[in-house]
Structure formats: C-alpha cells, structure tokens
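> Let me begin by handing over the structure; questions about it come next.
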Amino acid sequence: MPIRLLPPTLVNRIAAGEVVERPASAVKELVENALDAGAKRIDVVLAEGGQSLISVSDDGAGMAPDELALAVERHATSKLPDDDLVRIRFLGFRGEALPSIGSVARLTLTSRKRGADSGWSLTVEGGEKGEPQPAAHPPGTRVEVRDLFFATPARLKFLKAPRTETSHAIEVIERLAMAHPDISFSLSDGGRRSLDLPARGGETARLARLAQVVGREFEANALALDAEREGVRLTGWAGLPTYNRATAAQQYLFVNGRPVRDRLVIGAVRGAYQDVLARDRHPVVALFLDLDPDQVDVNVHPAKAEVRFRDAGLVRGLIVGAIRHALTAAGHRATSTLTNDALGALGRPPSPTAAPYRPVSSWSPPPRPPSAALSAGQAAQAPLGGAFPGLAESIPGLFLPPAAPSGDAGIADSAHAATDYPLGAARAQLHDTYIVAETQTGLVIVDQHAAHERLVFERMKQALAEGGVARQGLLLPEVVELGEPAVARLVERIEELAALGLVIEGFGAGAVVVREVPALLGEMSDVAGLVRDLADELAEWGATTALSDRLLDVCATLACHGSVRAGRRLSLPEMNALLRRMETTPLSGQCNHGRPTHVILGLNDIEKLFGRR
C-alpha cells in the first residue's frame, strides 16, 4: 500500500488516545492549563463521571479571540517562549491537550482576557473547528467538554462506573492542589460538592493543605523534611513508621510543582524505611523536589506522568538521607493513632462471647492501725505492691515489683522523680510481656520484646559501623539439624556470618554446629531457631545475594532472637533501664518489623473514659 499522510482529525484522535485516557486525564490537562494561566480559583464540574460533561472554570489570564483559535490547533502553545525543551517551567508545554480533546468530544472554550471589556467563545466538535463568537464571561476561562469520546465510541467501553471515574478525577485534583496550596479548588456535579479546598496562606499552608487531602492524622504524625544537596532541594513530610498503609497509594512526589510517579523515588522511600517498616506495609510521604529544569526531563511520557533525572543517584541519596535523618531525630516518638486505637479499645463494650472477668481471689483492704497509716506523701511514692497487698493476686497476669524497704527513702524518691522522664517510671508488668510506666501526664504501656529488639538492632548497627560485632563463645557448642540444601547455603556464607558475630561449621551431611554468637545478644535460648531463620532467608534471597547487601535484614533477624522475649519477668531496675535506653535510642518508637514499641495514654483521655471530664 502507498504511504500517505493521515488527515489532521485522525492524527488528533491518535494523540487523544495517548493524552486523554479517561475523563480524569482531560481534567488534569485542563486544570494544569488553568494553573499555567495564573488562576487563583479553579472550579470543576463533572456530570456522569465526566462522560457527559467536564467543565473547568478559572480566573486566570484569559485569551483573546485570535488566541482562542490558536489554542485548539495542534502543537500551539504559549509555554515555550524560547522553544527550549530542556528548561520547561510550566505544567503544560506540548500544545496537544485541547485539539486532542476537541477531536473526540464537543469542546467549547469561553474566555475573557484580563482588562478586556468582553469575552469570546469557540466550539470544536469531533475535530471540526468553528469561529470565535462574542460571549458574556467574567475575566478568566471556562472549558466545557461534552459527550467525551462520542467520536471514538470504542473508547467508551473501557470507562468505569461514574463514581469510579469521579474518584479518579478527585485524585488528580487533590495531587495538583497539594503542590499549590495558595489556590482554591472545588469539584461538584453541578449541585453537591465532593471536593472543596480553600486557598491556604502562611508558612504552614502546604502542611495544612496536605492535612485537608490526606487527613488530619497525617498532620499530627508527619516529620518535616528540608535538605539540599548540589542544587537539589527536598522539602515535605514523611510519616512516622507506625503511621503506615497497606499500599503505596499515599506516597506523593512533586518535581518543580508537577505531580509525578517515579520508580526511583518509590525505591528510595522504601530504602529509607527499610529497617523500621514491615515489608508488606508502606509509609505515607509527601515529597517536593525543586531543582534546575535542565536537571530533569519531563518530556518522557505523553501524559507527563513520569520524569527522568540527570543525576538519579544524587536524588535518591538526598531522599534516603533526609528521611532517615528525620526518623532518627524523632527518637522514641510513635504515631498518635495508637493512642486513639487504645482508647477506642478500652472504651468499647466487652464482646458478648467473652467470658466475664472474675477475680481469682476475693480481697478487701485489711484494717490498718492508726500508727501504720501512710502519710499522703508516702502513699504517693510507695509502689502499688506495698500499698495494696493482694492486688497482684486479684488481677490475673499482673506483676507488681516488691516495695522498697521502709528505710530506703532515696529509692522511693528516685522512683517518684523518674516520672519526669518522657517514658516515666516503671510501675508494673502485665502478663510478663508489657511494662506499665507512670508519667507526669499519664501512663505508658511498653511491649518489652519489641522495644528491646530495636535497642539490640541499633547497637548492632553501631558495632558494625565501628568495625565489627564482638563475639562470645558458647560453653557447649550447639548442633542444629537442617536439610542438606539449607546446610549448603549456610556453609557458603561462613565468612560473612562470622563478620556478623555468628560462627558456624558444617557438621556432617545435614547439620551445622554453632560455636560463637554475637556478644550483644547475651545468653540466647534459641540458637537453633536463629540458624533456621537465617537458612530460610538465604533460600529466599538466592545464592547470588551477598549478606552485605542484606545486612540490615540479617541484623534484624539476629536482634529479634537476642531480645528480651515476651513471657520473661523483669525486675523494676530492668524495666526502668529499658525505658531509659528507649529514650536515647533512635527509632525506638517501633521495632525492626515496624510494629509500635509503646502506647501513650494521657491522663485527660483516661479521665474521659471514666466520665471525669
């Protein structure tokens, strides 16, 4: 067949297939045009999910009649004044959106230039352009798209339900609104508004806008980011590790004000949270990158949804470093949603299937002679076990450390003063697993295994950074029986494991013998479990993966097995020592798997539970 030029209408419809995938794609292009025009208010109306009507109105610069006619021509734009595709400073620049939309829908442009005494209107129907006509309109522009894809009916088959298409449009507008907090956005169906984001001002405008979109909880659980390296600046907020989601849908990236999706950044975020978040959980972040336009290529995707950085390593390192620094500075802080969850559980009525609680023993305060009565100060300082004998026996799972001897006033005073610490003073242990501590403003419940796991993990990382992990020999080397493939995998990594403090040797066809373990792990009771877990992880990672590449994963496994186990009874000094170390250890708000290490309950919240407030 002979080669021929395609007619302009067909060319525009092909372009529309790349640029206008669904109604939300048209909304994105039109809202970006409004932003480029300097609008301060943008109102969007969708009918039937955008299939029958998309209307975008703004108060931007507006267009004259001759500009209206040019705006619907292919590759006509005002956004490349120097014809420079390297330094692009606007959201739109290709000049394809309006002619592409007009080729598959009924498009009406109505605009009035700022300072003009009247407006003008132009229609395009299925690619057929009309002539500009006078029209009444305030300064700014309104674009109406009716019967989207009427000229390409096959595309209608791929549209989802109106509610689904509307949700996609909402997501598009929300992402653009995050990058432009000083602009008002709204979305309605002509009557009911499903999105209303008023303009924000001041230094906290961007965080306030993020709170509007992501939720108020994000504002309370976000860590501020502000870092710069070699002309690339990163600002934004990273959520606490314990404030996470099941998917990466709430990870937002903006490059020079443009919302994009980039695999490099997603990988950098995952790396930054590697040792504080479970593999199946995802953090909530909003990252704003600002760099010279010639350092980033935004012309690599028809819908401008992806970018390419000139120095990808620099960008990745900046993101990882900034987030890790913020997480480390957060110390033992954990998300406030844990407190709300805990209060909700405490205030919830008991399950109808749960057995009613019955004390294991009946107890009432014994009569005390007047001479034995405690003063108010002594009662406040005395541990519960001494002030209320029999309480521990009356509540299953409660362990109260013995009271200080009557002559040890200094011990009682120091215990009372310990409530001034952020995590307070240990008062009791529940089910040999949870430490209950009293603070000046409430109480703290600590998961002893999760907390100690983080402490051990951070000490191992520090030891590795300082040159290696100290080892301690086992009094009796332990033989661990495994399958032959598992033994082979471990024996291949003998030298790498030794550098991490674990010394093993092959012991016949299906076993290894463990001779030394990391000294930081103390007296390990489950050496066999540790070895089996490492063998399973090596099988998952593959033979080509060096342990140095998975160093944090190995350290996390070692720390988990070397931590204080749930079910171990701790003394009062041990509990307080754990609390003090948590306060000075980075990232101690969550364990290596991303689970919270403690929950804080404020006195005001507790009083509300009991109707005191």
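> Kindly indicate the residue of segment 61-115 that is among the polar types (S, T, N, Q) and modelled with pLDDT under 90 and also farthest from R258 (Cα to Cα) among those meeting that condition.
Looking at residues that are among the polar types (S, T, N, Q) and modelled with pLDDT under 90, I get S103.
> Another question, then. Kindly check whether there is at least one residue in segment 249-258 that is under 15 Å from the mean Cα position of the chain (by Cα), under 24 Å from F457 (Cβ atoms) and modelled with pLDDT under 90.
No, because not a single residue in segment 249-258 is under 15 Å from the mean Cα position of the chain (by Cα), under 24 Å from F457 (Cβ atoms) and modelled with pLDDT under 90.
> Looking at (1) touching a residue at least 24 places away in the same chain (Cβ under 8 Å); (2) over 12 Å from the mean Cα position of the chain (by Cα); (3) in a strand (DSSP E or B), can you tell me which one A208 breaks?
(3)
> Taking A199 and the conditions (1) among the hydrophobic types (A, V, I, L, M, F, W, C); (2) outside any helix (DSSP H, G or I); (3) under 21 Å from the mean Cα position of the chain (by Cα), which numbered condition does it fall short on, given that it satisfies the others?
It is condition (3) that A199 fails.
> In segment 175-191, what residues are assigned to a loop (DSSP other than H, G, I, E, B), farther than 15 Å from G50 by Cα and either of a type in the set (S, T, Y) or out of contact with any Leu (no Cβ under 8 Å at 6 or more places or on another chain) (or both)?
P181, D182
> Separate question: Taking A451 as meeting all but one of (1) more than 25 Å from L579 (Cβ to Cβ); (2) assigned to a helix (DSSP H, G or I), write down the number of the exception.
(1)
> Just checking, how many residues over segment 464-506 are within 19 Å of E540 (Cα to Cα) and not hydrophobic (A, V, I, L, M, F, W, C)?
7
> Is one or more of the residues making up segment 213-223 on the phi > 0 side of the Ramachandran plot, surrounded by fewer than 16 Cβ atoms within 10 Å (Cβ to Cβ) and assigned by TED's automatic domain parsing to the domain that holds D275?
There is at least one residue in segment 213-223 that is on the phi > 0 side of the Ramachandran plot, surrounded by fewer than 16 Cβ atoms within 10 Å (Cβ to Cβ) and assigned by TED's automatic domain parsing to the domain that holds D275.
> For residues that are touching a Ser or Thr at 6+ places or on another chain (Cβ under 7 Å), crowded, with 19+ Cβ neighbours inside 10 Å and on the phi < 0 side of the Ramachandran plot, tally how many sit in segment 574-598.
Result for segment 574-598: 7.
The values are calculated or read from the model by the stated rules, or taken from the named source; none is laboratory data. Quantities reported herein were computed from a predicted structural model and do not represent experimental measurements. When we count neighbours, we look across all protein chains shown, and the Cβ atoms used for this are built from the backbone with ideal geometry, even at glycine.
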